[in-house]
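Throughout, read-outs are computed from the coordinates displayed, never taken from laboratory work. Note that this is a predicted model, so its numbers are computed, not measured. With ideal geometry, Cβ positions are generated from the backbone for all residues, glycine too; neighbour counts draw on all protein chains shown.
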Amino acid sequence: MKKVVVVLSVMVLVLAMTTMAMAGKVPTPTDPPEGVTIISADDAKDQISTIKVFDMRKALNFGKGHLPGATSAPYKWTKKGHPSKRTGEFDVSKLPADKNQIILFHSDGPNGWKSYYASQKAAELGYKNVYWMRDGFSTWNEKGFTVEH
């Protein structure tokens, strides 16, 4: 009987740890927020000289490498929980004064909710040309595109 209890306890612990690990890997929606256009890493590369890029990752990750000309604007969570229910903020004063400027938001990759929420906020603030690179920095880097340090 004790052996069964130990085995069950271990199984519950493993299940709990797996669930917690998977919680951080919740993919972002495949549809962009209202007023936002999804752009692939390939298309972003082709337009990089005309787009104002905002990197929503932590400053530490930005320092390890970022898209050419990108501005670091770390998105900070203010409410934890399931990614689709979180809230957060970033320094919107870094956004351009011209609301017609083409702006692109990205974070780590398809599991990077920070850029999803940042692009949504920019559209809500009235920016007209908001792009969200759902692929994120991970895909940009995997493709071997230029990275600045």
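Key figures
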{"read-out": "Inter-site label distance for PHE145 and GLU34 at 7 Å from Cα along Cβ, in nm", "value": "2.9 nm"}
{"read-out": "Tensor-based shape of segment 26-142 (alpha-carbon gyration tensor, a/c under 1.5 rounded, otherwise prolate or oblate)", "value": "rounded"}
{"read-out": "In segment 60-149, trypsin sites (Lys or Arg not before Pro) in a DSSP loop with at most 13 other beta-carbon atoms within 10 Å", "value": "LYS80, LYS128, LYS143"}
{"read-out": "Members of LYS79/LYS128; LYS58/LYS80; LYS25/LYS85; LYS80/LYS128; LYS25/LYS58 lying beyond 25 Å, as alpha-carbon distances in this model show", "value": "LYS79/LYS128; LYS80/LYS128"}
